[in-house]
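All of the numbers you see were taken from the coordinates with simple rules; none came from a lab. Remember, it's a predicted structure, so these values are computed and weren't measured experimentally. In this analysis, Cβ positions are derived from the backbone assuming ideal geometry, glycine residues included, and neighbour counts consider all displayed protein chains.
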Amino acid sequence: MSLYYASLTVWFEDPFWVGVCQREADGLTEACRHVFGAMPREQEVYQWLLQEWRHLSFSPGIPSGPRRPERKNPKRRQREAQAVPAGTGTKAQQALQLQREQHKIQRQERRRQRDTAEEERRFQLHRQKKREKRRGH
């Protein structure tokens, strides 16, 4: 994957400092969220970025438009903006939401597997106790 654009935005989201890494490549936008905790200094953020960039878990890519749209008449742009309903949030927020939804599906699948395994274990235990009662132990 060739990288065309990357950015890191850090802001205060009570009570922690949060950073969102966003990258665009091949017409797709991907994002990753990281909680820093206490207010990080610029050097700490830069050091963290150098060390952790390769290990970040980015969301699946969502299609993004061209990086620099063609210039249009301001009145035409205003008219078009009013006509098209805006999506929820920025592209980075949409990518993070997609990542959360995928994690939720994975978590549900793991929970379902764990519950069926526990149910099977209980059934086997119940069956074993039943057999022991019949044997007269």
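Quick notes on this structure:
- Inter-label distance, Lys133 to Ile62: 5.6 nm, where each label sits 7 Å from its Cα along the C-beta direction.
- FRET efficiency for the Trp48 to Gln124 pair, using the beta carbon distance and R₀ = 41 Å, is estimated at 0.25.
- Prolate/oblate/rounded call for region 1-49, Cα gyration tensor, a/c under 1.5 rounded: prolate
- Maximal additional length on extending the Val18-Gln82 stretch stands at 19.8 nm, based on 0.36 nm per residue less the C-alpha distance.
- Top positive-direction residue, dipole computed over the chain with Cβ charges, set Phe123, Gln113, Tyr4: Phe123
- For the chain, the relative contact order works out to 19 percent when only alpha carbon pairs closer than 8 Å and six or more residues apart are counted.
- Put simply, the amide H of Phe36, placed in the peptide plane, has neighbours under 5 Å in Trp17, Val18, Gly19, leaving out anything fewer than 5 places away on its chain.
- Around Val10: net Lys/Arg minus Asp/Glu count, Cβ-Cβ under 15 Å: -3
- Other residues within the sphere of radius under 13 Å centred on the Cβ of Gln108, judged by their own Cβ, net out at +4 (K and R +1, D and E -1).
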